[in-house]
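Every number here is computed from the coordinates shown, using simple stated rules; none is lab data. It should be emphasised that the depicted structure is a prediction, and the values quoted were computed from it without experimental measurement. For neighbour counting, all protein chains shown are included, and Cβ atoms are generated from backbone atoms with ideal geometry for every residue, glycine included.
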Amino acid sequence: EEIRIKIKSMFKHAYDSYFYNAFPLGNLKPLSCRGGKFELSRIKMLTLIDSLDTLYILNNHTEFVRGIERLREFDVINEGFFRQDENVSVFETNIRALGGLIGAHFLADEGLDVNINDIWEYDNILLKLMIDLGDRLLPAFNTPTGIPYGTVNLIHGVPAGETKIASLAGAGSLSLEMEVLSRLTGNGVYGRVGRKSVEGLWRRRNAETGLVGKHVDVSTGHWVESVSGIGSNSDSFFEYLLKYSILFPEHSGFWIMFQDVWSGVEEHVKVGVWYGDVDMARGNKGGSRTRFESLASFLPGLQVLLGELGEASKSLNAFYAVRSKYNFLPERFDYEAWDVEGGGGQHPLRPEIYESAYLLGRALKTINPLEDAIRDIDKYTRTPCGFASIENVVTKKLADDMPSYFLSETLKYLYLAFDDDNKIHDKGAGWIFTTEAHPIKWLP
């Protein structure tokens, strides 16, 4: 109980700081105590949208409802919430904004505190916003391969001169949110474009190794970066193949695609407990970079979903040893030299290792090793105006940024790790988290 109270207090400090200093802008700058736009998705109120379902999970239903009403008000004033003349990352907007609306919509449907139910009734306003946003993302998928452009303007469509180069994770991690939008609306177009993108990437895997690259030309389907790995620019592609196959088993092709590419990763990328970058045609026979990336620490969580609890424990122990050296995971770490890779010492408050520890703890019914993580975040990153990313894990110098995922993911996973009785954990509830930790309920 004491730990949950502590995390709620940390969330309140971060959330209130955003409202006092940044709202209605998308992001908080916690050192300069002002607002800013998240450069990859310059949408107003992005931190609010991303953190709505965390409010619900932390049982702050009053602020959850107030947040929904703030979105409704701007939707009316602006004559369409997402009628914003901004170029945005399709990937980041999908996982943060569309995913945030989806998670909050599902939870609003679950019911609220009795005293709120007496005076407020959910009327599907978030579904209205989802449809508006989904429609504004669709032009990005209009390519010869079905693999979407990385950027779209929310009013004008794909910007003139937009690059044809897209990342594996960026183009291959849209399927969950798009399929859910189709299920909720009865309009199959969203799910179709999401599936087509994933299938387009999978079909271009290497015939020998089964590996996929990190960047592709959306017009030709040619890999422009043939490096293969599970970290940056790749991670959530694998995560979404598996999670989609769990949530929507009738699309059996996703499980087949996952098994295909993941067996390639296990055979041609893995070295010991590490998964370094390799050439997609040669695999680790052509040499493996001894780099561990913080983003790759989603791996133990994926292994938990596969039922590979022994492997998940080995992976998490290895990654946690790196975290323990610096109190935080650096962005890039050389596991052979056992030191931060040059220029890779940042820690932007990422959640992946805590997500994995939470999932493994739930599976094994063991005590989580996360109390020290909570203490370190509070000790080293708290500022008078929120929590700040770390510029250097060795010196603990801070950076003027509090990513919205700190509220939507990092604090959510830390809280759930210590809350067995949370509604999300109800037996048979059928929840699964998106890559931004937004809960999706199984839809028949």
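Numbers at a glance
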| item | result |
| --- | --- |
| Inter-probe distance in nm under a simple model that places probes 7 Å from Cα toward Cβ, at PHE19 and ASP118 | 2.2 nm |
| FRET efficiency, ASN78 to ARG375 (Cβ-Cβ, R0 56 Å, nearest 0.05) | 0.85 |
| Selected from SER182, LEU46, SER313, residue furthest toward positive end of dipole (the chain; charges at beta carbon) | SER313 |
| The chain: most fluctuating residue of ARG382, ARG205, ARG70 per GNM, C-alpha cutoff 10 Å | ARG70 |
| Ordering of 304-311, 147-154, 398-405 by burial proxy (mean other Cβ atoms within 10 Å per residue, highest first) | 147-154, 398-405, 304-311 |
| At R0 = 35 Å, FRET efficiency that the Cβ-Cβ distance of THR62 and GLU336 yields, to 0.05 | 0.10 |
| Mean separation of Cα contacts under 8 Å (6+ apart) over length of the chain, as relative contact order % | 18 percent |
| Gaussian network model of the chain, springs between alpha carbon atoms under 10 Å - residue of GLY287, GLY35, GLY210 with greatest fluctuation | GLY287 |
| Burial ordering of TYR415, TYR335, fewest other beta-carbon atoms within 10 Å first | TYR335, TYR415 |
| Residue of GLY188, GLY344, GLY272 that the Gaussian network model of the chain assigns the largest fluctuation, springs spanning Cα pairs under 10 Å | GLY272 |
| Label-reachable residues, region 346-382, where backbone N falls under 18 Å from a point 7 Å from GLU2's Cα toward its Cβ | 367-379 |
| Set of region 278-308 residues, backbone N closer than 20 Å to the point 7 Å along the Cα-Cβ line of VAL271 | 278-300 |
| Cβ-derived FRET efficiency at R0 22 Å, ARG192 paired with THR163, nearest 0.05 | 0.35 |
| Distance violations [Cα-Cα > 25 Å] among LYS12/LYS325; LYS12/LYS128; LYS365/LYS427; LYS325/LYS427; LYS196/LYS423 | LYS12/LYS325; LYS12/LYS128; LYS325/LYS427; LYS196/LYS423 |
| Estimated distance in nm for a label pair at ALA207 and LYS285, the labels positioned 7 Å out from Cα along Cα-to-Cβ | 1.6 nm |
| Neighbour-count ranking [beta-carbon atoms within 10 angstrom, fewest first] of ILE7, ILE125 | ILE125, ILE7 |
| Ranked VAL227, VAL322, criterion: other C-beta atoms within 10 Å, fewest first | VAL227, VAL322 |
| Among [x] 72, 63, 56; [y] 63, 47, 44; [z] 70, 56, 51, the entry derived from the coordinates for Cα extents along the principal axes in Å | [y] |
